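Take a look at the structure set out below.
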Amino acid sequence: MAKIAVVGAGHVGVTYAAGLAELGNVVRVVDIDRAKVARLKRGQIWFYEPGLPELLARGLKRRRITFTTSYAEALSRAEFVFVCVPTPSTGDGSLDDSKLRLAFDMIRKHVAEEAPIIVNKSTVPVGTGDIADKLFADAGLRVVSSPEFLSEGRAVEDFFHPQRIVLGSRDDAAAEAVAKLFAALRAPIVRTDNATAEFSKLAANAFLAMKVSYANALARLSEAVGADVEAVTRVLSLDPRIGPGHLRAGLGFGGSCLPKDVAAVEHLARKHDANPDLFGAVLRVNRDQRSRLVDDLLSHFGSLAGRRIALLGLAFKAGTDDTRDSAAVALGEQLLALHADLVVYDPVARLDLVNGDERAAVARSALGAARRADATIIATEWPEFAGIDLLALRGAMRGNVLVDGRGVISPGAARAAGFEYFGFGRGGNGSA
Ligand code: UDX
């Protein structure tokens, strides 16, 4: 059992805190946001993450996890400090590490005579671990760069069944101590230096993004040559050298990680004059996907002004309420700009698009959103949309256009239900 402080009560911080408490440790989480801390103390999590509320409740009940706004309280007698603060993208693609630096300063200020091991989970600019090492050296603090690989919607599962644990440090004993914390998870451990650990996280996410853009580039070509991208990517996925993940064509990748991490790698490549072309292309293909459906709708309807359009899904992917850099939200905004009469529905997402925006209406169900719609767009791959009753959907609408932005509907089934099907690489857009 170790005493652990977690800095930052976001997706990563709360998941790590609850997971580490479940593994038998005593965890104190510090965040500067009073409202967040007050809610978390009552076991209320401010975002949607399946399984996390139950895990947190267990930690609170066993008194293994507490929340505070005081660094002094969180750091008192801590043996480890997990840093889990956001590092968003700046305008030029680099990562904004201002919150991280603030956290480092606060840690530096508040550790007393104890010398905890700093475990950095945030996705950071490469080189941060070495800077932190210098910053903390005189206080005797040792730094381990251990990027998180949690995927939203399955973060709890990812915590308890990690594919790998990366530990980058100059200090073998510190890395060993962190490895011990996770020994029960029996994950492969990669021991390396700080820069390699930091870069491996960016490299992994850029690769996942590249796979999505690759699938999307194939989707375009599939349309041109009369192939079905779904079958093409299935063929690819059966080759273990390629693997099945992140090959679904559609509106492209969004969220708080993939877009910013590819941009960060592109920025790094430009900075070091190391050919950024591949990474730039991944981003460009992704951007094109977002405008492509609007172009299809415009050529079908002529104008979208006054057209009633049901937008199913706002979250950047299924399994989360997160709408950060969501392709669905970007699409909704484009439709509003073209004066479409927009009705949105998402089973759990925060309705950021429509909050305070009188141009869009919110429905309480998919069929409710589709009522009297000219077109329905599936923009998030929620299972509820993939399994929607197509006849009921067609019956609710006044038009017959179904736009499958996530490749979750069979074009044949859609046509059999009376739809004109628009999608990505699934056989001739709009052709009945
Ligand atoms: C990602 C990484 O998967 C995770 O390991 C890392 O730690 C954080 O970043 P996340 O941002 O939660 O996780 O989402 P992910 O599941 O990777 O999906 C990202 C985006 O790609 C979503 O918008 C999703 O809809 C899209 N996507 C994913 C596709 O368009 N096609 C696919 O085949 C897979």
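FYI, it's all coordinate maths here, none of it is from the lab. Please read all numbers here as calculations on a predicted model, not as lab measurements. Neighbour counts are summed over all protein chains in view; Cβ atoms, including those assigned to glycine, are modelled from backbone coordinates with ideal geometry.
Add -39500 (n - 2.57) for each DSSP H run of 4 or more in the chain, then divide by its residues: what number comes out at 222 nm, to the nearest 500 deg cm²/dmol?
After summing the helix terms and dividing by residue count, I get -13000 deg cm²/dmol.
Helix 194-225 sits at what angle to the longest principal axis of the chain, using alpha carbons and giving 0 to 90 degrees rounded to 10?
Roughly 10 degrees between the two axes.
How many nm is it between the label spots at ALA139 and ASP389, if each spot is 7 Å from the Cα in line with the beta carbon?
Taking the two extended label points, one gets 6.1 nm.
For ARG39, what is the net charge nearby, where nearby means another residue's Cβ is under 12 Å from its Cβ and Lys, Arg count +1, Asp, Glu -1?
After counting each charged neighbour, the total is +2.
Cross-link partners among aspartates and glutamates for LYS180, C-alpha distance below 19 Å, same-chain residues fewer than 8 apart left out?
Partners found: GLU22, GLU79, GLU148, ASP158, ASP171, ASP172, ASP193.
Residue-wise, which Karplus ³J(HN,Hα) couplings in Hz belong to the range 334-344, taking 6.51 cos²θ - 1.76 cosθ + 1.60, θ = phi - 60°, and x for glycine or proline?
5, 5, 5, 4, 8, 6, 6, 8, 9, 10, 10
Around GLY407, what is the net charge, scoring Lys/Arg as +1 and Asp/Glu as -1 over all other residues with Cβ under 12 Å from its Cβ?
Within the 12 Å Cβ shell, the charges total 0.
Given points 7 Å out from each Cα along the Cα-Cβ axis, report the ARG372 to ALA337 separation in nanometres with one decimal.
Placing both labels 7 Å along Cα→Cβ, they lie 2.8 nm apart.
Assuming R0 = 60 Å, what is the FRET efficiency of LEU298 and GLU113, from their Cβ-Cβ distance, to the nearest 0.05?
0.35
Using alpha carbons only, how many degrees (0 to 90, rounded to 10) separate the axis of helix 52-61 from the longest principal axis of the chain?
The two axes meet at around 30 degrees.
From the phi of every residue in the range 68-82, what ³J(HN,Hα) in whole Hz does the Karplus formula 6.51 cos²θ - 1.76 cosθ + 1.60 yield, where θ is phi - 60° and glycine or proline is x?
For the range 68-82, the Karplus-derived couplings read 8, 9, 9, 4, 4, 5, 5, 8, 4, 6, 6, 8, 10, 10, 8 Hz, x marking Gly and Pro.
What are the residues whose amide H is under 5 Å from the amide H of VAL344, where those residues sit 5 or more places off or on another chain and H is modelled from the backbone?
Sorted by chain and number, the residues that satisfy this are LEU311, ALA361, VAL362, ALA363.
I need to check one value: relative contact order of the chain, counting alpha carbon pairs closer than 8 Å and at least 6 residues apart, in percent. Walk me through the numbers on the way to the answer.
Values: 893 pairs, mean separation 50.1, N = 432.
Result for the chain is 12 percent.
Could you sort the peptides 213-223, 392-402, 370-380 by per-residue average Cβ neighbour count (10 Å cutoff), highest mean leading? Spell out each step's value before the answer.
Values: 213-223: 20.7, 392-402: 18.5, 370-380: 24.3.
Final packing ranking: 370-380, 213-223, 392-402.
Starting from the Cα of ALA231, step 7 Å along the direction of its Cβ; do the same at ASP96; then give the gap between the two resulting points in nm.
Distance between label points: 4.7 nm.
Please compare each pair in LYS201/LYS260; LYS36/LYS121; LYS41/LYS317 to a cut-off of 23 Å on the Cα-Cα distance and tell me which ones are over it.
In this structure, LYS41/LYS317 lie more than 23 Å apart at Cα.
Quick check: the angle from helix 277-301's long axis to the longest principal axis of the chain, C-alpha only, nearest 10 degrees?
Approximately 30 degrees, to the nearest 10.
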